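Peer 1: This is the structure I want to talk about, given as structure tokens.
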Amino acid sequence: MNTTPQYPESSRIPQKYLKNLAAYVTIALLLGIAVGHYYPEKGIQLDFLGSGFLYLIEPLIQPIIFLTIIIGVSSIGNLKKVGRVGLKAFVYFEIITTIAMIMGIMAALFIEPGKIEKRLIDVTLPKHFTATESLDSGWFNFIVLNRPLVLLLLAVVTGVLLSLSPGRAKYVGILQKIMTFLYSVLLYLFLLIPVAAFGGMAYAVSRFGIHSLLPLGKLLATTYITMASFVFIVLGLLLRYYNISLWKFLNYIKEELLIVFSTSSSRTVFPLIVAKLEQAGCGKAVVGLSIPLGYSFNLAGASIFLPICTLFVAQLFNIPLTFRDIITIGLVIMVTSKVASGIPGSGFVALTITFTTLNKFPLEGLALLFSIDKFMNEARTITNFIGNGAAVILLSKYENDFEPNPEIDLSITK
């Protein structure tokens, strides 16, 4: 059964619009930079355009994810495959995020981005990130922000039960129609993406500016270089092993990457990446399980971001760390990194929980990091997104559940 949402006749305008979305978003980002730089007062006021767009589409994203998993699981004739694919995905995610975390630790220890003058920037920590509230509500936030995992488990159970029902075809058909309708509505809302991108970029440039970021340039460079190395070396080599070109894959999902960059959230493109991966030839069962599971467990960007920022603060405040301390940091981050599950800003919450859990790092360092979290968030979200897409291809190849689409050539050699 085809679980990819089909475009209804009424969605022809969004389809045509989406083909040129990359150009529209690029123009919007450039305009946002110009407004933020030359009219900073106006740029600050435009933040509602980006945040408002996220609030607008969030009610649609969760049901679409839920329905995608149910339909995908219920369409698998052999339920053993559900467990097999899920287990392989989980093991892969844990291995790959551990590699990412080690890369983050090594980069921070080698480059030492924290050796800068902390007094060059003065940022006040928001009230909702004070030390007391972090200690009292940190784990509550952890549970709340991991609601996608609860959604995943509930959807899998529902899909399994539905697959055992004698009226499976009828119920799946109804769910497919509901998902197609929601997907159609979401496509029309995507008409607003350039507006959201414009507002988000104008606010970022107005709020932070170039000069205020100079003292933290080394930290940003360390983070971006490490994440780029992970994508192009680790993921690139893994895809190459299965004759998949990373460059072709990135070009194939370039529209989605721009949306993720402009909204700082990978959940905004969930239905789009599901459709694209299935069209490229990935098995529906692998896509339906791996993408939602990856949003909670395959967070390579967060796994790189957290150790770099933690060690940055340690270096900034001259906190000596032993080998045992670094191991402890790694173990804590393996848990707290799961907070950053595609929700804008949740990576900073994960960092707060990491600090309060370790109980050795001054929370004042969070104020400094908060000033550039917008730029950090974009990097880690894109890294998470690319990692999840690559994981689906790799798992589909490993499961021999990949049928290349002649019209979509992702291979290195034909």
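Peer 1: Taking R0 as 51 Å, what FRET efficiency do you get between Lys360 and Leu237 from their Cβ-Cβ distance, rounded to the nearest 0.05?
Peer 2: The computed FRET efficiency comes out at 0.90.
Peer 1: Please report, for the Cα atoms of region 213-336, the Rg to one decimal and the Dmax as a whole number; what are they, in angstrom?
Peer 2: Spelled out, the Cα radius of gyration and Dmax of region 213-336 are 17.4, 52 Å.
Peer 1: Between Tyr38 and Glu407, what length in nm is gained on full extension when 0.36 nm per residue of separation is reduced by their alpha carbon distance?
Peer 2: 128.4 nm
Peer 1: Ranking request for peptides 181-194, 296-309, 255-268: highest mean number of other beta-carbon atoms within 10 Å first, then the rest in descending order.
Peer 2: In decreasing order of mean packing, 181-194, 296-309, 255-268 become 296-309, 255-268, 181-194.
Peer 1: Considering only Cα-Cα distances, which of the following residue pairs are longer than 20 Å: Lys248/Lys397; Lys115/Lys218; Lys254/Lys397; Lys218/Lys360?
Peer 2: Lys254/Lys397; Lys218/Lys360
Peer 1: Now a separate question. Enumerate the residues in region 315-339 having an amide nitrogen under 19 Å from the point lying 7 Å beyond the Cα of Lys218 toward its Cβ.
Peer 2: Under 19 Å, as judged by backbone N against the label point of Lys218, lie 315-321 of region 315-339.
FYI, it's all coordinate maths here, none of it is from the lab. Everything quoted here is computed from the prediction, not taken from an experiment. As a convention, Cβ positions derive from the backbone with ideal geometry for all residues, glycine included, and neighbour counts pool all protein chains shown.
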